[in-house]
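The next block holds one structure in the form of structure tokens; read it before the comments.
Derivation of every value follows stated rules applied to the coordinates shown; laboratory data play no part. Nothing here was measured: the structure is a model prediction, and the numbers come from that model. Reconstructed Cβ throughout: ideal geometry from the backbone, glycine too, with neighbour counts over all protein chains shown.
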Amino acid sequence: LGRTDEDQRAAAQALSKWRMETPLSLYKQIKAEFDAAGITIFAYWTGISTVDKPEEFDYMFEAAKTLGAKGVTGNPGLQSAAQLAGYPEKHGMFYGLHNHDNLSDPDAFSNQESFEKGFALSPSFMAELDMRHFTAANGDCVAFLDKWHHRTACLHVGDRRRDNGHSEPFGRGDTPIIECLRMIKDNKWPIVALLEFEHGTTRSSVDEVQIELDYCKRALA
Amino acid sequence: MKPICAAAMALSLVAMVPGGIYAQAGSSSQGLGNSTYDTKPRTHGGVNLLLPIEPDPMIQHAKEVYIDNGCAYCHGVDLVVPQGDAVDLRKSKIVALDVDGTLIGQILRGGVSQTARVSPMPAYRDLSNKNIQDLAGWIHYSLQQNRFAELKVAAGGPGDPAEGKTNFDKTCASCHSAASMVDLAKKYPTAELRVRVLKPASLNTVQSFTLAALHDDAKKAAKQAHGKFLENANQTSVNNLMAYFGTLK
């Protein structure tokens, strides 16, 4: 908002410079802090763009490996993702493709067809399926997991209405949260579910996330 | 670092930071315990409407959608009208004919005007198709529980086996042969057979989401057909059916 192309280029260059100048020892320190808190790092999220350099891709995976993560995730489009092909395999990790609900952009990950194009780019590309956005883009999360569970690393669990509808508290929208959690449990799939809190509420975020967690516990009881 | 276990899915509280880390703290091995829902329940007249927690989470979810949309205040959580003159959904012809909320949804979205006999119902125009299917799912489930409680023990006079055969041919024979019922009729005492006919154990388990179960269309159809049979049964029709099965022994 209000940022020019020049601003964005400058930000990308600054990020690139930071990546190339930041030693991996920083990530070791971060991992130690998480270890001390008893928190497992599942994935390392990074922003990537078509202007990133190949050495930055290596850096992302090295950083993720240092953190003890299983993979790297982000919001690439198809073009950016194509540049990453080969890097997850090189580092023995997965790369998670995250979707939004933008059906008008042919480069964006949004529906099942776009994920299938992404999967074709690399055997190590996995879905980081955002259930909220997928539902808002009129996708069927249950059908997606039915077909592509072996290419799904994790779910972003949240609730939205179909037809580009708004976010809702868990259980009030159109996202099949219980169905997908039960699919993972009943089929014993190694898919991690990450709770997202992005709907409006007058409760505190701590209270609201607790309610989300309770909802999921009931689903898995 | 704890490995990600294939057998036990980790439910994670996620820290999402730009250029950041998805981190998971702990897992969901504990029960409902002191959940927010337990400590801040939806209460009405001092009663926690959410309880008892249904064994099947899909049914519990359907109940919560029903309660969250205010249906329980007038129609009762278990369809027993608590007060006032709301429609008794246990006797509703629309509910009896409804499948997957197709008819119930029309009523919900359109609302009901006040009449001399019943109070008005506001229009719930903002309900999504899924909301309606969930909400109708609870109405049907609850109706079936009511009907089962009412019919599981025989009452009234002995049934008419000829009427029972007619009903069997019309309602049951598309899936069950008379020969298959002979075996069941011989195997179970009449009272137990009655319970099994009304609520077959194999169809009343917590819904499975294994891929095999998800693709088992025959079982889904059987569950729906038995549910509809139960919803529309009465003492006479069940007595007649049992009398017919009695002739098969």
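Percent of alpha carbon pairs in the protein assembly as shown separated by more than 28 Å? It works out to 60 percent of all Cα pairs.
For the range A:1-150, what class follows from the C-alpha gyration tensor (a ≥ b ≥ c being the square roots of its eigenvalues): rounded when a/c is under 1.5, otherwise prolate if a/b is larger than b/c, else oblate? Oblate, because a/c is 1.5 or more while a/b does not exceed b/c.
Give me the percent of Cα-Cα pairs in the range B:143-183 that sit more than 15 Å apart, rounded to a whole number. Display every interim value, and only then the final one.
Numbers: 490 of 820 pairs.
Considering the range B:143-183, 60 percent of its Cα-Cα pairs are separated by more than 15 Å.
Across the range B:73-87, rounded Karplus estimates of 3J(HN,Hα) from the backbone phi angles (6.51 cos²θ - 1.76 cosθ + 1.60, θ = phi - 60°) give 4, 9, 9, x, 4, 9, 6, 8, 4, x, 6, x, 10, 5, 5 Hz, Gly and Pro being marked x.
In whole Å and largest first, what semi-axes does the C-alpha gyration tensor of the range A:52-120 yield when each eigenvalue is scaled by 5 and square-rooted? Walk me through the numbers before you get to the answer.
Values: eigenvalues 105, 27, 21 Å².
In descending order, the three semi-axes are 23, 12, 10 Å.
Work out, in µm²/s and without decimals, the Stokes-Einstein translational diffusion coefficient of the range A:150-221 at 37 °C, 0.692 mPa s, Rh from Kirkwood over C-alpha pairs. Rounded, D is 256 µm²/s.
A straight Cα-to-Cα reach below 27 Å connects A:LYS28 with the lysines A:LYS17, A:LYS53, A:LYS65, A:LYS70, A:LYS90, B:LYS2, residues fewer than 8 places away in its own chain not being considered. Distance between the modelled labels on B:ASP88 and A:ASP107, one decimal in nanometres: 6.5 nm (7 Å Cα→Cβ projection).
What is the ratio of the Cα radius of gyration of the range B:118-160 to 2.2 N^0.38 Å, where N is its residue count, to two decimals? List each step's numbers first, then the result.
Values: Rg = 16.6 Å, N = 43, 2.2 N^0.38 = 9.2 Å.
That works out to 1.81 for the range B:118-160.
Pairwise Cα separations in the range B:132-216 fall into 10 Å bins from 0 onward with the following percentages, short to long: 13, 36, 36, 13, 1.
Counting only alpha carbon atoms, the long axis of helix A:54-67 and the longest principal axis of chain A meet at about 60°. With neighbour counts taken as other beta-carbon atoms within 10 Å, the residues A:ASP163, A:ASP107, A:ASP214, B:ASP126 rank, fewest first, as B:ASP126, A:ASP163, A:ASP107, A:ASP214. Kirkwood analysis of the Cα pair distances in the range B:55-149 returns a hydrodynamic radius of 13.4 Å. For the range A:182-205 versus the range B:69-148, the inter-centroid distance based on Cα atoms is 30 Å. In degrees, nearest 10, range 0 to 90: what is the angle between the Cα axis of helix A:177-187 and the longest Cα principal axis of chain A? Computed tilt is about 80 degrees. Cross-link pairs exceeding 22 Å in C-alpha to C-alpha distance, out of A:LYS217/B:LYS228; A:LYS217/B:LYS152; B:LYS165/B:LYS186; B:LYS170/B:LYS199, comprise A:LYS217/B:LYS228; A:LYS217/B:LYS152.
Quote the relative contact order of chain A in percent (integer), defining contacts as alpha-carbon pairs under 8 Å separated by 6+ residues. Kindly include the intermediate steps, with their values, before the conclusion.
Numbers: 349 pairs, mean separation 26.2, N = 221.
Taking the mean separation of contacting Cα pairs over the length of chain A, I get 12 percent.
The range B:173-193 and the range A:39-83 have Cα centres separated by 62 Å.
Which value, in Å³ per residue, describes the convex hull spanned by the Cα atoms of the range A:110-181?
On the way: hull volume 5.0 nm³, N = 72.
Considering the Cα atoms of the range A:110-181, their hull volume per residue is 70 Å³.
On the principal axes of its alpha-carbon atoms, the range A:34-76 has extents of 36, 18, 13 Å, going from largest to smallest.
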